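Working notes, beginning with the structure itself.
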Amino acid sequence: MTALAPDPAKVPDYLGMVKPSGDPKNGDYQANFAMPLAKVLGKKPLEVAAEVVAKLPKNDLLESATVAGPGFINLKLSDGWIAKQVQSIAADTRLGVAKSPQPKTFVIDLSGPNVAKPLHVGHLRSTIIGDALVRILRFLGHTVIGDNHLGDWGTQFGILIYGYKHHLEKAAFEKDPVRELARLYVHVRNLAKVAKDDDEDAAKGDVADAYRAETAKLHTGDPENVALWHQFMPACLEMLRPIYERLDVKIDHALGESFYNPMLAGVVDDLLKKGIAAEKNGAVVLPNAAGVIKETAERDENEPPPIIRKRDGAFTYTTTDLATIKYRVETWKPDVMLYVVDARQALHFKTLFANARRWGYSNVEFHHIAFGSILGKDKKPIRTRDGGTVELSSLLDEAAELGLKKYEESYAERKAHGHDVPELTHDAKMEIANAVGIGAVKYADLSGNRVSDYVFDTDKMLSTEGNTATYMQYAYARCRSIFRKGNADETAFRTSPPKVLLTHPSERALALQLLKFEEVLSNAAAEYLPHYITQYLWDVAKAFSGFFEGCPVLTAPSEELKQSRLLLVDLTGRVIHTALGLLGIRTVERM
RNA sequence: GCCCCCGUAGCUCAGGGGAUAGAGCAUCGGUUUCCUAAACCGAGGGUCACAGGUUCGAAUCCUGUCGGGGGUACCA
């Protein structure tokens, strides 16, 4: 390649044009660089391609390299090489996935629910996508700090304080503070006639004025309200705990808005002192210097500058976010900071990042990991926390219930066909039901491109057909079932794997898929797109289904082939288990 | 007004310079003496919103138009 290309700097670009084939008929990989190279060299693409093929060194990697079409070079890997590679990754606990040679430190901002309110489907995406990114990056060897930037300083506390002062049922509070606070929250909102649109700050009327006053007192340090806040917080966190537990999400830190509150005045002072912030109409704003906010500031001087201190002296989320950046950089010294937040906040993050760089944090990479809205069947974003929308916990219940129902149907069907199916304990069944149900919800969220909106359709996400978590879990259960049935010990296949034989197209296709795991993970991590992994899982599971149909394992024609196929089965199971695990989805031994 | 995202099969969506544009669902047909049929195999189904442009090559990049959604200084 270096010999052919006139411009050595472009060699990596050309090599980047070697990609998996779009169509398996054209081999495993295709190299597309002959066409542009021909242009530069003034030759015909077919000649260049032929020249490249002729110059390929002898190796055991490729079975063939052929020129096709206008100048594609189709590459087919040799069976021997594939077999050897599969055998070698089977002995690797990381399944052939190398750790990043340049590990970085990431801070990932995820979940960020408002405490004191019931967790709602709207919080699902940040939690699930963020958790998946934490797991993926960590698996690749990076240092990852997950931080749950709780909304724990807002109007909802004014609501609770007002409710506590005027509508408390003492006995209920002593018995179960979590439940009583939840009741008070709903009760006061109803008193204030906060509509379904969730905007409790905009509500009008005496009650709304009263709880806003309580919020303001809290913010200005009123001792009674601050004490109540301290009293409420543990109960509020307790409301969240079971949901995270069910979702299997653990977040390293939960430094919410309240944590940064004492730092906000200092942030504003510093920005003023450095001349970045300026007073305007009684408020303090961050004016848009040309170039600070690309694409808008220079063209449109009317782009509104973010406010960091309101005319009434209160701070805004921009102030909090800047304080957060300062704290995170000083505490964890990250290379990259990811914000897994709704796409509608794109402008906020654009200006926030620009101003953070201006403030001096220019050696940190900031990315807004935007995701689309969850839509109702009416195609409108689900935003309300009451008035008929689904609470997360009830959704998870529903999902698990359906998982259980599916198991029981399948159990009955197998029994009717005369299969030998064991009676499971209630706990074992519930484990399956939860893994399947909650896996289905997570997978539905992760399997589309994150920036797309998606319609929240319980029937669809809990469907057991098609590209769903269930399909992958089923493929895994089949892998395990073969080992149970054959009384085979998987450890041998992981310590001293047998020789791999590729005697059938399905074996080869499956083996090739298993080898792509590393490439897929690094792509998913590079673009922060978990759906690359679901796409891959789908390909693996489909390849396995083909193999399962076409290649008997336990009754293979020879002992060598049986051993080889057992290795493929075990490795498939491990890849599925690991890949699902990186998405926060569990597998079960049988289903 | 300005900014951002989106428009691909009946529906839900992948693909974001490379060959004849792919999946799932739905529809129609087939498969179970066989390691889990929560499975598999097959069929039909397309003006990649539209119009220009760049390119050897455009669903993909650029410009414009139309249509949908979102955002836009004292909520977060």
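The values are calculated or read from the model by the stated rules, or taken from the named source; none is laboratory data. Keep in mind it's a predicted model, so treat the numbers as computed, not measured. For neighbour counting, all protein chains shown are included, and Cβ atoms are generated from backbone atoms with ideal geometry for every residue, glycine included. We work out accessible area using only protein heavy atoms, side chains counted, and drop any ligands, DNA or RNA first. Shrake-Rupley method; radii C 1.70, N 1.55, O 1.52, S 1.80 Å.
Hey, can you tell me all the residues within region A:322-363 that are more than 22 Å from A:Asp131 (Cα to Cα) and assigned to a loop (DSSP other than H, G, I, E, B)?
A:Gly360, A:Tyr361, A:Ser362, A:Asn363, listed by residue number.
Quick one: how many residues across region A:1-39 are within 11 Å of RNA strand B (Cβ to nearest atom), in a helix (DSSP H, G or I) and surrounded by 14 or more Cβ atoms within 10 Å (Cβ to Cβ)?
7
Considering only residues that are of a type in the set (A, V, I, L, M), within 19 Å of A:Gly154 (Cβ to Cβ) and part of a helix (DSSP H, G or I), which ones fall in region A:244-267?
Scanning region A:244-267 gives A:Met263, A:Leu264, A:Ala265, A:Val267.
All but one of (1) part of a helix (DSSP H, G or I); (2) out of contact with any Lys or Arg (no Cβ under 9 Å at 6 or more places or on another chain) hold for A:Val207; state the number of the condition that does not hold.
The number of the failed condition is (2).
Only residues in region A:394-422 that are in a loop (DSSP other than H, G, I, E, B) count as the first member; pair them with residues that are near RNA strand B (Cβ under 9 Å from one of its atoms) and open to solvent by less than 80 Å² (accessible area, probe 1.4 Å), Cβ under 8 angstrom, at least 6 apart or cross-chain, and list the lot.
A:Val421/A:Tyr411; A:Val421/A:Arg414
Looking at region A:114-123, which of its residues are part of a loop (DSSP other than H, G, I, E, B) and open to solvent by less than 10 Å² (accessible area, probe 1.4 Å)?
A:Val115, A:Ala116
Of the residues A:Ser126, A:Ser111, A:Ser100, which is in a helix (DSSP H, G or I) and outside the structural domain of A:Glu238 (by TED's automatic domain parsing)?
Exactly one residue qualifies, and that residue is A:Ser126.
Would you check if there is a residue in region A:472-481 being polar (S, T, N, Q), near RNA strand B (Cβ under 7 Å from one of its atoms) and at negative phi?
yes
When you go through A:Leu352, A:Leu338, A:Leu375 one by one, which is the residue that is open to solvent by less than 10 Å² (accessible area, probe 1.4 Å), in contact (Cβ under 8 Å) with a residue 12 or more places away in the chain and closer than 18 Å to A:Asp445 by Cβ?
Every option except A:Leu338 fails the conditions.
Could you grab me the full set of residues in region A:496-518 that are under 32 Å from the mean Cα position of the chain (by Cα) and either at pLDDT below 95 or in a helix (DSSP H, G or I) (or both)?
A:Ser506, A:Glu507, A:Arg508, A:Ala509, A:Leu510, A:Ala511, A:Leu512, A:Gln513, A:Leu514, A:Leu515, A:Phe517, A:Glu518
Check off (1) surrounded by fewer than 19 Cβ atoms within 10 Å (Cβ to Cβ); (2) touching a residue at least 24 places away in the same chain (Cβ under 8 Å); (3) more than 16 Å from RNA strand B (Cβ to nearest atom) for A:His142 and give me the number that stays unchecked.
Status for A:His142: all satisfied but (1).
Looking at region A:166-194, which of its residues are among the small types (Gly, Ala, Ser) and either in contact (Cβ under 8 Å) with a residue 60 or more places away in the chain or assigned to a helix (DSSP H, G or I) (or both)? Walk me through it before giving the result.
Quick first cut of region A:166-194, residues among the small types (Gly, Ala, Ser) only: A:171-172, A:182, A:192.
A:Ala171, A:Ala172, A:Ala182 - these are the residues of region A:166-194 that are among the small types (Gly, Ala, Ser) and either in contact (Cβ under 8 Å) with a residue 60 or more places away in the chain or assigned to a helix (DSSP H, G or I) (or both).
Looking at (1) open to solvent by 50 Å² or more (accessible area, probe 1.4 Å); (2) assigned to a loop (DSSP other than H, G, I, E, B), can you tell me which one A:Ala227 breaks?
With (1) open to solvent by 50 Å² or more (accessible area, probe 1.4 Å); (2) assigned to a loop (DSSP other than H, G, I, E, B) applied to A:Ala227, the lone miss is (2).
Can you tell me which residues in region A:95-139 are among the charged types (D, E, K, R) and in contact (Cβ under 8 Å) with a residue 60 or more places away in the chain?
If the condition is that a residue be among the charged types (D, E, K, R) and in contact (Cβ under 8 Å) with a residue 60 or more places away in the chain, then A:Lys104, A:Asp109, A:Lys117, A:Arg125, A:Asp131, A:Arg135 are the ones that fit.
From (1) of a type in the set (S, T, N, Q); (2) modelled with pLDDT of 95 or more; (3) within 16 Å of RNA strand B (Cβ to nearest atom), pick out the condition that doesn't hold for A:Ser88.
Unmet condition: (3).
Within region A:453-461, can one find any residue that is among the polar types (S, T, N, Q), assigned to a helix (DSSP H, G or I), farther than 12 Å from A:Leu404 by Cβ and more than 10 Å from RNA strand B (Cβ to nearest atom)?
Filtering region A:453-461 for residues among the polar types (S, T, N, Q) gives A:458.
Next cut, assigned to a helix (DSSP H, G or I) only: A:458.
Still in the running and farther than 12 Å from A:Leu404 by Cβ: A:458.
Among the residues that remain, those that are also more than 10 Å from RNA strand B (Cβ to nearest atom) are: A:458.
Within region A:453-461 (the criterion being among the polar types (S, T, N, Q), assigned to a helix (DSSP H, G or I), farther than 12 Å from A:Leu404 by Cβ and more than 10 Å from RNA strand B (Cβ to nearest atom)), the answer is yes, since at least one residue qualifies.
Yes/no matrix, rows are residues, columns are (1) at pLDDT below 95; (2) closer than 30 Å to A:Ser394 by Cβ:
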| position | (1), (2) |
| --- | --- |
| A:Ala202 | yes, yes |
| A:Ala210 | yes, no |
| A:Lys217 | yes, no |
| A:Tyr260 | no, no |
| A:Asp269 | no, no |
| A:Gly275 | yes, no |
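Among what's in region A:421-452 and is more than 9 Å from RNA strand B (Cβ to nearest atom) and among the polar types (S, T, N, Q), pick the residue that is farthest from A:Val121 (Cα to Cα).
Restricting to residues being more than 9 Å from RNA strand B (Cβ to nearest atom) and among the polar types (S, T, N, Q), the top hit is A:Thr425.
Considering only residues that are farther than 18 Å from A:Ala90 by Cα, free of Cβ contacts under 8 Å to residues at least 12 places away in the same chain, part of a helix (DSSP H, G or I) and more than 9 Å from RNA strand B (Cβ to nearest atom), which ones fall in region A:519-576?
Matches in region A:519-576: A:Asn523, A:Ala526, A:Glu559.
Go through (1) in contact with a Lys or Arg (Cβ under 9 Å, 6 or more places away or on another chain); (2) open to solvent by less than 20 Å² (accessible area, probe 1.4 Å); (3) of a type in the set (A, V, I, L, M) for A:Ala91 and report which single condition fails.
Tallying (1) in contact with a Lys or Arg (Cβ under 9 Å, 6 or more places away or on another chain); (2) open to solvent by less than 20 Å² (accessible area, probe 1.4 Å); (3) of a type in the set (A, V, I, L, M), A:Ala91 fails exactly one: (2).
Would you mind stating whether A:Glu507 is free of Cβ contacts under 8 Å to residues at least 60 places away in the same chain and within 12 Å of RNA strand B (Cβ to nearest atom)?
On the way: free of Cβ contacts under 8 Å to residues at least 60 places away in the same chain: no; within 12 Å of RNA strand B (Cβ to nearest atom): yes.
Considered against the rule, which asks whether it is free of Cβ contacts under 8 Å to residues at least 60 places away in the same chain and within 12 Å of RNA strand B (Cβ to nearest atom), A:Glu507 comes out as no.
Quick one: in region A:42-64, of everything that is more than 12 Å from RNA strand B (Cβ to nearest atom) and in a helix (DSSP H, G or I), which residue is surrounded by the most Cβ atoms within 10 Å (Cβ to Cβ)?
A:Val52
Taking region A:442-457 as the region of interest, how many residues are modelled with pLDDT under 85 and open to solvent by less than 30 Å² (accessible area, probe 1.4 Å)?
1
So, in region A:210-224, how many residues would count as being of a type outside the set (S, T, N, Q), in a loop (DSSP other than H, G, I, E, B) and open to solvent by 80 Å² or more (accessible area, probe 1.4 Å)?
Of the residues in that region, 0 qualify.
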